[in-house]
Amino acid sequence: MNRNLCRVTVLDLLLIAGLLGLPGWALIVSWRAAREQPVAYIYENNRLLGAYQLDRDQLIAIGDKARPDMKIEIKGGAIRVAESDCPKGVCKQAGWVRTPGRSIVCVPNKVLIELRGERKGYDAESY
Amino acid sequence: MRAPVRLPAAPRRWSIARGLPDGLSPLRLLAFASAVVLLAAGCRHSGAAVLRKQTRLMMDTYVTIQATGPAQTADKAIEAAFGRLEEISHKFNFLDSTSPVHAFNVNNAPITDPELVKVVQAAVAVSAASGGAFDITVRPLVELWGFYGDHPAVPSQRAIDSCLRMVGYKNLVVEPGRVTKLRPDVTIDLGGIAKGYALDEAARVLRAAGIDSALIDLGGDVFAIGRKGNQNWKVGIRNPRKDGVIGVAAVSNLAVVTSGDYERFFFGPDSVRYCHIIDPATGWPPRGLISTTVVMRDPLTAQGWSKVLFIRGTDALPLIEKTGGIEAILITDSMRAICTPGLVSAMDTTRLNGVTNSAGR
């Protein structure tokens, strides 16, 4: 039998490792992303202010630092509007939110908090 | 004479059963083939259908549009749909002093805009079919309860009685191309039904732009165009009392619209929850149900029917059966779910979390 048949060069090994490794890496990344908690995207006037992981407790001030319009609280994997100067306080009434796909809207302050992440089996929510 | 024998060319050196050129091992060939396949798979999507999604704050809520198609087509279609929603937002906003609805309410100017006339006609049709349970002239009562302002509160019964005189869809005169009123103090709020019209129009714009698979979420009022791949779009129905959903409806070319007591409400001095949906007959927020969802083809009147169910409760179930084409799920204040048979079959009932289920008819 020709010995060339079984001759594996370093290049072959690198190519095989790459081909097997890439999908494997992609699988691990997507699996970890699915396990991760949702991320809160906070918009003001349709402009993204920032994306916040819900695994780190923090207080986010919106507006003037000395006198913020809103204070958004992240605690224990959930997010809520803790304080808002809006007249009706509808955003505060939404309470704690932790499910991907849920949003909190403050119309007077033009602030949208959108939770993104793996939504459990649906594309939109009717409410 | 024998024909000359053509000799085979000198054999090249093959590595396996004369199948592979010299220097190319099977492993190398396999790896090369795999690379080509992967590359091809990666390139395949350059003009293929992708799911595009955009969210914007508008119409006093947030709007999310998902559309499937070639990226550029989908993006353009979504942009056009948002443009149309902006137009509707202005035209239907009675708080906007330049809108025709404001002129009708404040200056008694007849409504002649064809779009507005069409929507008022649709609203009045639901009012007539429901015995006035849904009524766009309920505006003075909503104002009296303070839901347009900063501090909602329980008004006096006297004030409610006084306000009730200004309420009644029969005070609207709907003629071809024109809406007028019998009493100058009659005013309208097209807020709810305008969202339905906006869903309808956004869907029309998306379809005209070549999109046959999309999901429009207008602050919780949802319309599904076509299907998502080979499956129906899945719309969760919010649990009215805690985070999460009570069920998921799989829908295609249908609107899913919900009314509930949990979006705008306050607790009175009696610790009772008062929501912004007011019964035009009594002047008070209805009791008994905390959420109603309708699933139907026409997004324009879906909000109206959802409110009819919220206000009239299970008494309205025969009415929607008679109307036809409407499926519904009602959640009572004891967290019991009442589902019409058609919706039971479209719902993932294994996800009815935290509620008990019972057939509606």
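A short reminder: the numbers here are calculations on the coordinates, not readings from a lab. Bear in mind the structure is a predicted one, so any value in this text is a computation, not a measurement. As a convention, Cβ positions derive from the backbone with ideal geometry for all residues, glycine included, and neighbour counts pool all protein chains shown.
Show me the trypsin sites (Lys or Arg not before Pro) within segment B:176-250 that DSSP assigns to loop and that have at most 15 other Cβ atoms within 10 Å of their Cβ. Walk me through the intermediate numbers first.
Values: sites: B:178, B:181, B:195, B:204, B:207, B:227, B:228, B:234, B:238, B:241, B:242; in loops: B:227, B:241, B:242.
Answer in residue order: B:242.
Run the simple label-point estimate for residue B:103 and residue B:170 please: 7 Å along Cα→C-beta, distance reported in nm.
The two pseudo-label positions are separated by 3.0 nm.
With a point put 7 Å past each Cα toward its Cβ, work out how far residue B:150 is from residue B:335 in nm, to one decimal.
3.7 nm
Read phi for every residue in segment B:219-234 and hand back ³J(HN,Hα) as whole Hz from Karplus 6.51 cos²θ - 1.76 cosθ + 1.60, θ = phi - 60°, with x for Gly and Pro.
x, x, 8, 10, 10, 9, 9, x, 10, 8, x, 9, 10, 5, 5, 10
Give the cross-link partners of residue B:181 among the aspartates and glutamates, using a straight C-alpha distance below 15 Å as the criterion and excluding same-chain residues fewer than 8 apart.
Output for residue B:181: B:135, B:189.
Mind checking the full-extension length gain between residue B:143 and residue B:322? Use 0.36 nm per residue of separation minus the Cα-Cα distance, one decimal, nm.
On the way: separation 179, 0.36 × 179 = 64.44 nm, distance 3.30 nm.
Result: 61.1 nm gained on full extension.
Could you compute the net charge surrounding residue B:326? Neighbours are other residues with a C-beta less than 11 Å from the C-beta of residue B:326; K and R count +1, D and E count -1.
With Lys, Arg at +1 and Asp, Glu at -1, the neighbours total -1.
Could you state, as a whole-number percent, how many of the C-alpha pairs of segment B:79-123 are farther apart than 13 Å? Don't skip to the answer; put the middle values down first.
Values: 564 of 990 pairs.
For segment B:79-123, the share of Cα pairs beyond 13 Å comes to 57 percent.
Can you pull the percent of Cα pairs in segment B:55-201 with separation above 23 Å? If you can, show how the numbers build up before the last one.
Working: 4533 of 10731 pairs.
Counting every Cα pair in segment B:55-201, those more than 23 Å apart make up 42 percent.
Give me the net charge for the shell around residue B:335: Cβ to Cβ below 11 angstrom, other residues only, Lys and Arg +1, Asp and Glu -1.
Details: positive: B:241, B:242, B:336; negative: B:333.
Net of charged neighbours comes to +2.
Residue B:183 label point, 7 Å along Cα→Cβ, cut-off 17 Å on backbone N: hits in segment B:113-137?
Residues passing the 17 Å test: B:132-137.
Can you spot the lysines whose alpha carbon is less than 20 Å from residue A:75's alpha carbon? Ignore those fewer than 8 places along the same chain.
Within the straight-line limit of under 20 Å, residue A:75 reaches these lysines: A:92, B:242.
With label points built 7 Å along Cα→Cβ from the Cα atoms of residue B:115 and residue B:84, find their separation and express it in nm.
1.0 nm
Applying 1/(1 + (r/R0)^6) with R0 = 41 Å to the Cβ-Cβ distance of residue A:55 and residue A:17, what FRET efficiency is obtained, to the nearest 0.05? Don't jump to the answer; show the numbers that get you there.
Working: r = 33 Å, r/R0 = 0.81.
Once the sixth-power term is evaluated, E becomes 0.80.
Calculate the translational D of segment B:260-303 in whole µm² s⁻¹ from Stokes-Einstein, where the hydrodynamic radius comes from the Kirkwood formula applied to all Cα pairs, the temperature is 25 °C and the viscosity 0.890 mPa s. Show your work: numbers first, answer last.
Values: Rh = 12.0 Å.
So the translational diffusion coefficient is about 204 µm²/s.
Let me know the shape class of segment A:58-121, please: from the alpha-carbon gyration tensor, a ≥ b ≥ c as square roots of the eigenvalues, rounded when a/c is under 1.5, otherwise prolate if a/b is greater than b/c, or oblate. Before the final figure, lay out the partial values.
Details: a/c = 2.21, a/b = 1.67, b/c = 1.32.
Prolate, because a/c is 1.5 or more and a/b exceeds b/c.
Cβ neighbours within 10 Å, averaged per peptide: list B:287-295, B:322-330 in order, most packed at the top. Show your work: numbers first, answer last.
On the way: B:287-295: 23.7, B:322-330: 18.4.
Ranking the peptides B:287-295, B:322-330 by packing returns B:287-295, B:322-330.
If you take every residue apart from residue B:78 with its C-beta less than 9 Å away from the C-beta of residue B:78, what net charge results, scoring Lys and Arg +1 and Asp and Glu -1? Walk me through the numbers before you get to the answer.
On the way: positive: B:52, B:53, B:76; negative: B:75, B:79.
Every neighbour counted, the sum reads +1.
Could you give each residue of segment B:75-92 its phi-based ³J(HN,Hα) in whole Hz, using Karplus coefficients 6.51, -1.76, 1.60 with θ = phi - 60°, and x for Gly or Pro?
After applying 6.51 cos²θ - 1.76 cosθ + 1.60, I find 4, 5, 5, 5, 4, 5, 5, 4, x, 5, 5, 4, 4, 5, 4, 5, 5, 9 Hz.
Using the structure shown, list the pairs from B:170/B:322; B:91/B:228; A:110/B:307; A:71/B:76 with a Cα-Cα distance above 25 Å, or answer none.
Working: B:170/B:322 22 Å; B:91/B:228 32 Å; A:110/B:307 27 Å; A:71/B:76 36 Å.
Correct reply: B:91/B:228; A:110/B:307; A:71/B:76.
Using mean Cβ contacts within 10 Å as the protection proxy, how do B:251-264, B:213-226, B:143-156, B:98-111 order, highest first?
On the way: B:251-264: 23.0, B:213-226: 25.1, B:143-156: 15.2, B:98-111: 16.7.
Ranking, from highest mean packing down: B:213-226, B:251-264, B:98-111, B:143-156.
How far, in nm, would the chain grow between residue B:51 and residue B:287 when pulled straight, counting 0.36 nm per residue and subtracting the alpha carbon separation? Present the calculation step by step, with values, prior to reporting the outcome.
Working: separation 236, 0.36 × 236 = 84.96 nm, distance 4.12 nm.
Residue separation times 0.36 nm, minus the Cα-Cα distance, leaves 80.8 nm.
So what are the radius of gyration and Dmax for the Cα set of segment B:50-359, in Å?
19.2, 60
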